[in-house]
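These notes concern the structure reproduced below.
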Amino acid sequence: MRGKATKALAMPHNATFPRNCCDLDREDLRDPDAPRAAWLVTALSSVLIFTTVVDIIGSLLVIISVLKNRKLRNSGNAFVVSLALADLVVALYPYPLVLVAIFKNEWAMGEMHCKVSGFVMGLSVIGSIFNITGIAINRYCYICHSFVYDKLFSLWNTILYVCLIWTLTVVATVPNFFVGSLEYDPRIYSCTFVQTVSSSYTITVVVIHFIVPITVVTFCYLRIWILVIQVRRKVKSEIKPRMKQSDFRNFLTMFVVFVIFAFCWAPLNVIGLAVSISPTEVAPKIPEWLFVLSYFMAYFNSCLNAIIYGLLNQNFRKEYKRILMSLWMPRLFFQDISRGGTECPKSKPSPALNNNDQVKTDTV
């Protein structure tokens, strides 16, 4: 979800974006042409540069790891690759433009780039939450309804689900062009979603793009945690499958991805919901530092998923090392591809992020 715009945007030929109606009443609003403190510009640009570099490297490592390693090529990881693409696209286009705006203290790339970059940011965040929802549903079906999992998440069904996710993402983002909610905000140096353009539209956006997916994901992971507790206490019913240690670690990895995403994006969505309920009263009371912090927390989230996989998943960690080592010895990389990936597993791989070289039979 994106923030609200403030004052006018300086454009070539004296063109400007329209002002936000609710910002006209704010006397304490920062002059968009006034320079910011050097330490703040340095901090914001440093965070964004780090986020962009780690995002690009990490997302590429995730995608290459899944394509290159047979143990990671499964239906569950199709959503992981899709999530990595959602993270990657925002680092390749909008973030560099935001960096230019930070260094110039204005938007100098024209209105078209402003609208398109705001649209791409929308695709990234909505695509991320929809893919996280897909991962949660996949984990729920695999662990809690294993008897029908193979049918539900066959190769073609999984491809269809991923295509559906991105179709819904585009459909959910396109209305911003018709509502006129993509504008430049000098506080965050970004072309973004204007929360005060329409209260009803903003509430709809927050509910459909954040609250509903978070509710679905919470339900799925809550059901899985209940099963985990049952397994640990040895009071599970006979129809419940014995949960493998690797399955639990895989679930835990994706659960951490979800928790960190919710933590990074919750402040901005809470602000958006509060502003949309009472724009004239709430908007002037939100401190600029809190708004900026909530936005850059959301930006920072895009580089964290690949780090989480590397920290919590043994197979991803090993594949990262192989890929990075192959930069020094390119022949090693192409040898692995010619063999169809590294180390074909001895048993059927888990549809989730597979943590171990062999599937274990012990319970959680």
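The values are calculated or read from the model by the stated rules, or taken from the named source; none is laboratory data. Source: prediction; values computed, not measured. Every residue, glycine among them, receives a Cβ derived from its backbone with ideal geometry; neighbour counts consider all protein chains shown. For accessibility, only protein heavy atoms count, side chains too; no ligands or nucleic acids. Shrake-Rupley method; radii C 1.70, N 1.55, O 1.52, S 1.80 Å.
Can you say whether Leu160 is modelled with pLDDT of 95 or more, under 14 Å from Ser75 (Cβ atoms) and of a type in the set (A, V, I, L, M), as far as the supplied structure shows?
yes
Within segment 288-323, which residues are in contact (Cβ under 8 Å) with a residue 40 or more places away in the chain, hydrophobic (A, V, I, L, M, F, W, C) and farther than 16 Å from Leu72 by Cβ?
Matches in segment 288-323: Phe291, Val292, Phe296, Ala298, Phe300, Cys303, Leu304, Ile307.
Given the conditions (1) of a type in the set (Ser, Thr, Tyr); (2) at pLDDT 90 or above; (3) surrounded by fewer than 18 Cβ atoms within 10 Å (Cβ to Cβ), and given that Ser198 satisfies all but one, which numbered condition is not satisfied?
With respect to (1) of a type in the set (Ser, Thr, Tyr); (2) at pLDDT 90 or above; (3) surrounded by fewer than 18 Cβ atoms within 10 Å (Cβ to Cβ), Ser198 is out only on (2).
Taking the stated definitions as given, is Ile260 modelled with pLDDT of 70 or more and over 25 Å from the mean Cα position of the chain (by Cα)? First the steps, then the outcome.
Details: modelled with pLDDT of 70 or more: yes; over 25 Å from the mean Cα position of the chain (by Cα): no.
No.
Just need a number here: residues in segment 267-318 that are assigned to a helix (DSSP H, G or I) and either open to solvent by 20 Å² or more (accessible area, probe 1.4 Å) or of a type in the set (Ser, Thr, Tyr) (or both). Walk me through how you get there before you give the answer.
Applying the first criterion (assigned to a helix (DSSP H, G or I)) to segment 267-318 yields 267-277, 279-285, 288-301, 304-312, 314-318.
This time we only want the ones that are either open to solvent by 20 Å² or more (accessible area, probe 1.4 Å) or of a type in the set (Ser, Thr, Tyr) (or both), so: 267, 270, 273-274, 276-277, 279-282, 284-285, 288-290, 293-295, 297, 299-300, 304, 307, 309, 311-312, 314, 317-318.
Of the residues in that region, 29 qualify.
For segment 162-178, give me each residue that is over 16 Å from Glu111 (Cα atoms), open to solvent by 40 Å² or more (accessible area, probe 1.4 Å) and without any contact (Cβ under 8 Å) to a residue 60 or more places away in the chain. Working first, answer last.
First, pick out the residues of segment 162-178 that are over 16 Å from Glu111 (Cα atoms): 162-175.
Those left that are additionally open to solvent by 40 Å² or more (accessible area, probe 1.4 Å): 163-164, 166-168, 170-171, 174-175.
Matches in segment 162-178: Cys163, Leu164, Thr167, Leu168, Val170, Val171, Val174, Pro175.
Regarding segment 328-347, can at least one residue be identified that is within 20 Å of Val80 (Cβ to Cβ), open to solvent by 80 Å² or more (accessible area, probe 1.4 Å), at pLDDT below 90 and out of contact with any Lys or Arg (no Cβ under 9 Å at 6 or more places or on another chain)?
Within segment 328-347, not a single residue is within 20 Å of Val80 (Cβ to Cβ), open to solvent by 80 Å² or more (accessible area, probe 1.4 Å), at pLDDT below 90 and out of contact with any Lys or Arg (no Cβ under 9 Å at 6 or more places or on another chain).
Condition check: surrounded by 24 or more Cβ atoms within 10 Å (Cβ to Cβ), free of Cβ contacts under 8 Å to residues at least 60 places away in the same chain and in a helix (DSSP H, G or I). Does Asn77 satisfy that?
When the stated conditions are applied, Asn77 does not pass them.
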